[in-house]
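Colleague: Questions regarding the structure given below will be posed in turn.
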Amino acid sequence: MHECRNPLHCVVPPYVVDRLALSPDAQIRRRAMELSAEGAAARAVRVTLAGLPRMAAIPSPAAAKHRQVYDLQNQGMNALPGKLARSEGGPASGDPAVNEAYNHSGTVYDFYKKVLGRNSLDDNGMALLSSVHFRSNHNNAYWNGEQMIYGDGDGQIFVRFTKALDVVGHELSHGVVTHTCNLVYQDEPGALNEHFADVFGVLVEQWKKKKSAKNGNWLVGEAIMGPGVSAKALRSFKDEKAYEDDPLLGTDPQPKHYSNRYKGSDDYGGVHINSGIPNHAFYVAAQALGGNAWGKAGAVWYKTLSRLKATSSFEDMVRETIGAAADLYGASVANEIKKAWKTVGLY
């Protein structure tokens with residue numbers, strides 16, 4: 001396995017960008033090529049910072065919740081972080097993107113602190129930095145190992161990326177993964193990296209909205225989908241496609257069973273694609289356990305983060321979630337986790 005330690009994380013996966021690059025619309029093709037170029041430029045920063053995660057963790061003044069939101073004013077990566085627009089405890093801005101980045105990053109902090117007992121991404125009060133208005137009409141959001149970067153969308157395929165709490169939760173949770181098991185961003189470890197980000201992004205939103213496992217929608221990115229696509233979200237935890245035969249996006253490629261896993265080399269060996277397999281297992285487990293998904297299921301998955309290593313496989317994930325469930329809640333919960341993995345062909 002070629003080790004790619006946490007390259008630039010972006011919520012819109014490469015296979016979506018590749019699909020957009022084939023659009024008959026010249027403007028859509030141009031923006032897709034810009035997306036690829038920006039990803040390549042920023043990835044170099046991400047790789048460097050991920051190799052030294054504690055150096056990338058900017059401490060907060062009191063090792064507590066500390067948010068800073070910057071305005072890039074439609075500039076690129078070389079202008080980071082931009083002009084300071086709002087700091088912790090400061091008044092609301094007249095800019096909705098600034099307020100959304102501020103509020104959602106605070107909700108993510110509160111979730112990890114109140115639900116899981118973790119003090120920010122590094123468990124040591126790491127400051128949460130965000131830059132909004134990245135470039136013009138930019139169709140992505142990024143975690144670069146140090147901070148969040150948000151595009152505004154083109155208004156057609158995607159809208160403002162700060163709107164979606166689950167997207168913010170997903171991207172910031174990549175930071176949690178880096179500061180725990182630091183899963184290599186390639187093949188099955190990379191798919192687990194994406195899986196954990198999806199899980200905690202969804203859980204943050206369900207916790208904030210007080211949605212039980214039964215009542216949650218189990219979608220990732222529904223709030224950023226624009227009027228020009230039929231897709232209801234980027235991904236779904238359920239046994240369904242998030243989109244199918246969409247004129248611009250095509251069909252959601254995520255499998256829900258291990259026998260249908262992607263075996264190619266694109267997308268770092270299918271990290272955004274094959275994450276659909278453990279995602280569905282988590283959904284099945286959460287439904288079986290009932291109540292709030294951030295309760296027993298979330299606690300088991302969070303404990304598992306500390307049990308994995310950088311090169312852990314799906315098989316390792318199965319073993320460690322079952323063990324964590326048994327340690328936390330006993331045999332009955334562990335058995336439900338086993339059944340969930342069996343549903344997706346991994347037990």
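The values are calculated or read from the model by the stated rules, or taken from the named source; none is laboratory data. Since the structure is predicted, the reported quantities are computational estimates derived from the model, not experimental observations. Every residue, glycine as well, gets a Cβ built from its backbone with ideal geometry; the counts of neighbours run over all protein chains shown.
Colleague: Anything in the range 266-283 that is hydroxyl-bearing (S, T, Y), crowded, with 24+ Cβ neighbours inside 10 Å and assigned to a helix (DSSP H, G or I)? List them, or say none.
Modeller: Of everything in the range 266-283, just one residue is hydroxyl-bearing (S, T, Y), crowded, with 24+ Cβ neighbours inside 10 Å and assigned to a helix (DSSP H, G or I), namely Y283.
Colleague: Checking the conditions here, which among R46, R118 is of a type outside the set (V, I, T), under 19 Å from V168 (Cα atoms) and at pLDDT below 95?
Modeller: Unique residue meeting the criteria: R46.
Colleague: Another question about this same structure. Checking V115 against (1) surrounded by fewer than 24 Cβ atoms within 10 Å (Cβ to Cβ); (2) out of contact with any Gly (no Cβ under 6 Å at 6 or more places or on another chain); (3) over 17 Å from H104 (Cα atoms): exactly one of these is not met. Which one?
Modeller: (3)
Colleague: Moving to a separate point now. Across the range 177-233, what is the total count of residues that are at pLDDT 95 or above, hydroxyl-bearing (S, T, Y) and within 24 Å of N103 (Cα to Cα)?
Modeller: So the count comes out to 1.
Colleague: Could you check the range 288-336 and list, in sequence order, the residues that are touching a Phe, Trp or Tyr at 6+ places or on another chain (Cβ under 9 Å) and of a type in the set (S, T, N, Q)?
Modeller: N292, T304, T321 - these are the residues of the range 288-336 that are touching a Phe, Trp or Tyr at 6+ places or on another chain (Cβ under 9 Å) and of a type in the set (S, T, N, Q).
Colleague: Additional query: Checking N335 against (1) polar (S, T, N, Q); (2) over 12 Å from L192 (Cα atoms); (3) within 19 Å of the chain's Cα centre (by Cα), which test does it fail?
Modeller: Here N335 meets the rest and fails (3).
Colleague: Within the range 284-323, how many residues are outside any helix (DSSP H, G or I) and charged (D, E, K, R)?
Modeller: Count: 2.
Colleague: What pairs can you find where one residue is in the range 71-88 and in the same structural domain as E100 (by TED's automatic domain parsing) and under 10 Å from F134 (Cβ atoms), the other is assigned to a loop (DSSP other than H, G, I, E, B) and of a type in the set (K, R), and their Cβ atoms are less than 7 Å apart, with a gap of 6+ or different chains?
Modeller: Pairs found: N74/R135; G76/R135.
Colleague: Checking N193 against (1) under 23 Å from Y347 (Cα atoms); (2) in the same structural domain as N124 (by TED's automatic domain parsing), which single condition isn't satisfied?
Modeller: (2)
Colleague: Here is a further query. Filter the range 206-251 down to residues that are basic (K, R) and in contact with a strand residue (DSSP E or B) (Cβ under 6 Å, 6 or more places away or on another chain), then give me how many there are.
Modeller: Final tally of qualifying residues: 1.
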